[in-house]
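The values are calculated or read from the model by the stated rules, or taken from the named source; none is laboratory data. Please read all numbers here as calculations on a predicted model, not as lab measurements. Using ideal geometry, Cβ is built from the backbone for each residue, glycine included, and neighbour counts are taken over all protein chains shown. Only protein heavy atoms, including side chains, enter the accessible area calculation; ligands, DNA and RNA are left aside. Shrake-Rupley method; radii C 1.70, N 1.55, O 1.52, S 1.80 Å.
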Amino acid sequence: MPISSAEPIRVLVTGAAGQIAYSLLYSIAKGDVFGKDQPIILVLLDITPMLPVLDGVVMELQDCALPLLREVIPTDKVEVGFKDLDAAILVGSMPRKEGMERKDLLKANVAIFKTQGEALEKYAKKTVKVLVVGNPANTNCLIASKSAPSIPKENFSCLTRLDHNRARSQVAIRVGVPSDSVKNVIIWGNHSSTQYPDVHHAIVNHHGKEMSGFDAVNDESWLKGDFITTVQQRGAAVIKARKLSSAMSAAKAICDHMRDIWFGTPDGEWVSMGIYSTGNSYGVPDDLMYSFPVMIKNKTWKVVDGLSINDFSRGKMDGTAAELVEERDTALTFLGA
């Protein structure tokens, strides 16, 4: 019996020969992200020198004998990579090299994400959902969206789910409960060390009793100090320990993010993602990709409004916004050039 007669969807992963993709592709192809009865055509894009490696990844995907995986298309050409897409997961970016100025990193990535945004505009479906993972993810996402003006801004998001999952897990470990007993943490702002992991609205199910994150942890100085810096600097800590950046956890976060876009968030729960800030109710400047708490229904996100923001939170939210404004303004000078 064929597993599904549904039309396959086309899913692109860029940086497909890299280590995040290696942890990600199996989960997508197996049905963990877009559903157990949704056939998939996987399009794998990377730069030309990586094509031999990509062939090895294709072999392995074939060797998994996954019934939902209808076709795998390895390519180094954007006109092939971006054609008729339903979903695009943009993992590939220029990594920061030793001694590289942040400005130079931005310039290199503006060029990449301008090209990819233009390719989305020209070749992809207008309904495509685009997730930007490659860093600096928020600003790369903004550049891609500006380069694809006919695709709604709402269709673009960047990954802060890894930070969200890190925050959730840190609270769970501290309280001594499973991570799914912690919900509604928030990551505000940039996917960088200025991000603000916020527990003021979190709920912890502590042995059958729901309580606030602050009450459950019962250590305000930790929540306003080491907890925040641990989440902010977790990526660097992983690199220091593994000599490689987070891949398994990044891939898991990508799966969580895309699954929630496809199937929605559970009732009464929100997640964090970087989205277009214009028109928000939290005093965040317009025209940024900024991480907010969102609820998702029918593949459409909505910012969770009306959460009280104290002075401590306000300062942290403004600090990460200022970094994003500066990044955007620098990037836009390169985009115009």
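Mind checking which residues of region 207-221 are without any contact (Cβ under 8 Å) to a residue 24 or more places away in the chain and either open to solvent by less than 80 Å² (accessible area, probe 1.4 Å) or closer than 30 Å to Val133 by Cβ (or both)?
The answer is Gly208, Met211, Ser212, Phe214.
Identify all residues within region 16-37 that are in contact with a Ser or Thr (Cβ under 7 Å, 6 or more places away or on another chain) and under 20 Å from Ala251 (Cα atoms); write none if there are none. Step through it out loud before you land on a result.
We begin by selecting, within region 16-37, every residue in contact with a Ser or Thr (Cβ under 7 Å, 6 or more places away or on another chain); these are 33, 37.
Result: Val33, single match.
Among (1) open to solvent by less than 50 Å² (accessible area, probe 1.4 Å); (2) more than 27 Å from Val110 (Cα to Cα), there is one condition Leu288 misses while meeting the rest; what is its number?
Failing condition for Leu288: (2).
Of the residues that make up region 222-233, is at least one open to solvent by less than 40 Å² (accessible area, probe 1.4 Å), under 15 Å from the mean Cα position of the chain (by Cα) and in contact (Cβ under 8 Å) with a residue 60 or more places away in the chain?
no
With Thr115, Thr127, Thr139, Thr160 as the choices, which residue is touching an Asp or Glu at 6+ places or on another chain (Cβ under 8 Å) and either open to solvent by less than 50 Å² (accessible area, probe 1.4 Å) or over 21 Å from Asp256 (Cα atoms) (or both)?
Sole residue among the options that is touching an Asp or Glu at 6+ places or on another chain (Cβ under 8 Å) and either open to solvent by less than 50 Å² (accessible area, probe 1.4 Å) or over 21 Å from Asp256 (Cα atoms) (or both): Thr139.
Results for (1) open to solvent by less than 30 Å² (accessible area, probe 1.4 Å); (2) on the phi > 0 side of the Ramachandran plot; (3) assigned by the TED database to the domain that holds Ser193; (4) out of contact with any helix residue (DSSP H, G or I) (no Cβ under 8 Å at 6 or more places or on another chain), shown as yes or no for each residue.
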| residue | (1), (2), (3), (4) |
| --- | --- |
| Ile261 | yes, no, yes, yes |
| Met273 | yes, no, yes, no |
| Val284 | yes, no, yes, no |
| Val303 | yes, no, yes, yes |
| Ser308 | no, no, yes, yes |
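Only one of these is buried (at least 21 other Cβ atoms within 10 Å of the Cβ) and either under 23 Å from Leu24 (Cα atoms) or not assigned by the TED database to the domain that holds Thr127 (or both): Val204, Val238, Val177. Name it.
Only one candidate passes the filter, namely Val204.
Suppose we keep only residues that are among the small types (Gly, Ala, Ser) and within 21 Å of the chain's Cα centre (by Cα) within region 86-103. Which one would you say is farthest from Glu7 (Cα to Cα)?
Ranking the qualifying residues of region 86-103, first place goes to Ser93.
Out of Thr48, Thr75, report the one residue that is outside the structural domain of Ser249 (by the TED database) and either in contact with a strand residue (DSSP E or B) (Cβ under 8 Å, 6 or more places away or on another chain) or crowded, with 22+ Cβ neighbours inside 10 Å (or both). Give the derivation first.
Values: Thr48 fails: either in contact with a strand residue (DSSP E or B) (Cβ under 8 Å, 6 or more places away or on another chain) or crowded, with 22+ Cβ neighbours inside 10 Å (or both).
After ruling out the rest, the residue left standing is Thr75.
What is the residue count in region 168-193 for residues that are in contact with a Ser or Thr (Cβ under 7 Å, 6 or more places away or on another chain) and touching a residue at least 60 places away in the same chain (Cβ under 8 Å)?
Residues that pass the stated criteria total 7.
Within the set of pairs 6 or more residues apart or between chains, which connect a residue that is in contact (Cβ under 8 Å) with a residue 12 or more places away in the chain and hydroxyl-bearing (Ser, Thr, Tyr) inside region 77-106 to a residue that is buried (at least 23 other Cβ atoms within 10 Å of the Cβ) and not in a loop (DSSP other than H, G, I, E, B) with Cβ atoms less than 7 Å apart?
Qualifying pairs under 7 Å: Ser93/Asn109; Ser93/Asn140.
Restricting to region 245-259, what's the tally of residues that are open to solvent by 50 Å² or more (accessible area, probe 1.4 Å) and either assigned to a loop (DSSP other than H, G, I, E, B) or of a type in the set (Val, Ile, Thr) (or both)?
Summing the residues that are open to solvent by 50 Å² or more (accessible area, probe 1.4 Å) and either assigned to a loop (DSSP other than H, G, I, E, B) or of a type in the set (Val, Ile, Thr) (or both) in region 245-259 gives 1.
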